[in-house]
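Take a look at the structure below.
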Amino acid sequence: MAGEDELKLLGTWASPWVSRVKLALHLKGLSYENVEQDLDNKSDLLLASNPVHKKVPVLIHNGKPICESVVILEYIDDAYGTVGPSFLPVDPYERAIARFWVDYIDQKLVIPWKVAFTADGEEEKTEGIKQMLAAVHTLEGALKECSKGKPFFGGDSVGYVDLALGGLLAFLQGTEELCGSKPFDIANTPLLLAWVERFTALDAAKVACQMSASWLSLPR
Amino acid sequence: MAGGDDLKLLGAWPSPFVTRVKLALALKGLSYEDVEEDLYKKSELLLKSNPVHKKIPVLIHNGAPVCESMIILQYIDEVFASTGPSLLPADPYERAIARFWVAYVDDKLVAPWRQWLRGKTEEEKSEGKKQAFAAVGVLEGALRECSKGGGFFGGDGVGLVDVALGGVLSWMKVTEALSGDKIFDAAKTPLLAAWVERFIELDAAKAALPDVGRLLEFAKAREAAAAASKDEFND
């Protein structure tokens, strides 16, 4: 890392999208200033750094803001290409596959899961859970293909897809308590279940993902 | 183009997502086989190439399928890096800015616009329209920042954001014709209005953008069919 490199992360401890970025920074061994935001009272810095969405995470690198978790992940990989592990593979086709699954996670897992969590009607909730579980089932197949017998979607080491899914783990684990459905289980998603064990054991995961139960009390 | 490169694009001429890929291929000067899919009767090749979403576009490069328009664009840019112009800049920060605006175009303009055009209720359509117009306003500012005096989001030349937005231009014109509203209004968003005129003059645009008249007929026919029965057009 070049001298005078300043990294500041605007985030909240509970946000899975912030967790994704923290995971990446920790895996790369990058120091950063963690600036906890109060989303009910947004700071001038946040509003100035992300005027379009006014959301976290924002990574500020030497004063320049980068927004949107997956954009930040690719940025970290690009800007720190020679520092620590790479998250995206070198081969363009494999990169396309990794991007495909990250997009899948955001479109087909996250969106229905949000519906399951926040919908008022039982029917909507049930549909959200159903779609979420279908996505998890598809991701089981994706893990098999991408890992090719190795520990992670990225192969031997944590990759882009692992980060995208790993950041969500605290929230996904809470699904059972809130919706009554287990996202990962030994019968339907044995590979993912093993992947979860492996991922949560990583040092970076222990630091970056707040797997505490207190988030359950957050207003929805 | 490198020798032995076989490019096949599974698409449907009305799809703006397919148009994006055609634009990129044209900008790069790449030859490809254009395979028109019947979306009411999807081919074995499409179902096999995109088993997860079963959607177009799919770019098949030497037998290997790549799905999702923006992923395909980045793939083309990376594989054919030494062919034609680059869609993404070399600088990581500028790349992040481009990716940010591509996501914005998809989430905040294209998604609401589709709701405006194809929403089930007047309320849905009206909300979609409102959000789409708001996004156009924001994109005017984005163009000012990104172009840095050049004519495109990519600066002096066409970049990823230009292709992402350019792909939907024929549909924007169709929507204007159907609704009577001006989406890229020179009075409200002068930079974007000028950008539209500049973009459609590009050789790549002339090659790739579907004819607005033909698309308008298609849109009208689809609306009529949707009104009559359940519309399964699934791009």
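The values are calculated or read from the model by the stated rules, or taken from the named source; none is laboratory data. If you're wondering where the values come from, they're calculated on a predicted model, not measured in any experiment. When we count neighbours, we look across all protein chains shown, and the Cβ atoms used for this are built from the backbone with ideal geometry, even at glycine. Note: accessible area is taken over every heavy atom of the protein model, side chains too, but ligands, DNA and RNA are not part of it. Shrake-Rupley method; radii C 1.70, N 1.55, O 1.52, S 1.80 Å.
When the alpha carbon gyration tensor of the range B:98-235 is reduced to an equivalent ellipsoid, its three semi-axes come out at 27, 17, 13 angstrom, largest first. For chain B, modelled as a GNM whose springs connect Cα atoms under 10 angstrom apart, the maximal fluctuation among B:189, B:175, B:121 occurs at B:121. Normalised by the number of residues in chain B, the mean separation of alpha-carbon contacts (under 8 Å, six or more apart) gives a relative contact order of 22 percent.
Taking all protein chains together and rolling a 1.4 Å probe, residue A:115 ends up with roughly 50 Å² accessible.
Modelled label positions at residue B:33 and residue A:4, each set 7 Å beyond Cα in the direction of Cβ, lie 5.6 nm from each other. As a check on your grasp of the helix formula, calculate [θ] at 222 nm for chain A: sum -39500 (n - 2.57) over DSSP H runs of n ≥ 4, divide by the residue count, round to the nearest 500. Here the helix-only value at 222 nm equals -15000 deg cm²/dmol.
So which of A:150/B:22; A:54/B:130; A:28/A:125; A:182/B:125; A:55/B:42 end up more than 30 Å apart by C-alpha? Exceeds cut-off: A:150/B:22; A:28/A:125; A:182/B:125; A:55/B:42. On the principal axes of its alpha carbon atoms, the range A:155-208 extends 32, 23, 17 Å, with the longest extent given first. Here the translational diffusion coefficient of the range A:7-79 follows from Stokes-Einstein with Rh set to the Kirkwood radius across Cα pairs; for 20 °C and 1.002 mPa s it amounts to 179 µm²/s. Structural descriptor for chain A: relative contact order 22 percent, calculated from alpha carbon pairs under 8 angstrom and at least 6 residues apart. Rank B:31, B:69, B:147 by mean-square fluctuation in a GNM of chain B with C-alpha springs under 10 angstrom and give only the top-ranked residue. Between B:31, B:69, B:147, it is B:31 that shows the largest mean-square fluctuation. Spin-label model, residue A:31 to residue A:93: label points 7 Å out along the Cα-to-beta-carbon direction sit 4.3 nm apart. Looking at the range B:1-106 alone, DSSP beta bridges between its own residues are antiparallel in about 65 percent of cases.
At the residue level, residue B:212 shows approximately 50 square angstrom of accessible surface with a 1.4 angstrom probe and all protein chains present.
Shown are A:19, A:31, whose ranking by accessible area with a 1.4 Å probe and every protein chain present, most to least, is A:31, A:19.
Note: relative contact order over the range B:139-235, using C-alpha pairs below 8 Å and six or more positions apart, is 23 percent. Computed on the Cα trace of chain A, the radius of gyration divided by the Kirkwood hydrodynamic radius gives Rg/Rh = 0.96. Computed over the range A:92-203, the alpha-carbon pair-distance distribution with 5 angstrom bins reads 2, 12, 24, 25, 19, 11, 5, 2, 0, each value a whole percent. By DSSP, the beta bridges lying fully in the protein assembly as shown are antiparallel in about 70 percent of cases. Among A:38, A:120, the order of accessible area from largest down is A:120, A:38, computed with a 1.4 Å probe on protein heavy atoms. Over the range B:97-162, what portion of Cα pair distances is larger than 15 Å, expressed as a whole percent? Considering the range B:97-162, 53 percent of its Cα-Cα pairs are separated by more than 15 Å. Computing FRET efficiency as 1/(1 + (r/R0)^6) for residue A:53 and residue A:106, where r is the C-beta to C-beta distance and R0 is 25 Å, gives about 0.95. Bridgeable aspartates and glutamates around residue A:206 (alpha carbons under 16 Å apart, same-chain partners fewer than 8 residues away excluded): A:162, A:197. Go ahead and estimate [θ] at 222 nm for chain B from helices alone: -39,500 (n - 2.57) per DSSP H run with n ≥ 4, summed, over the residue count, rounded to 500. After summing the helix terms and dividing by the residues of chain B, the value is -17000 deg cm²/dmol.
The antiparallel fraction among DSSP beta bridges confined to chain B stands at about 70%. Computing Rg and the Kirkwood Rh from the Cα coordinates of the range B:7-80 gives a ratio, Rg/Rh, of 0.93. For the protein assembly as shown, the spread of Cα coordinates along the three principal axes comes to 58, 53, 52 Å, biggest extent given first.
Chain B: D in µm²/s via Stokes-Einstein (Kirkwood Rh, Cα pairs, 37 °C, 0.692 mPa s)? For these conditions, the coefficient is 179 µm²/s.
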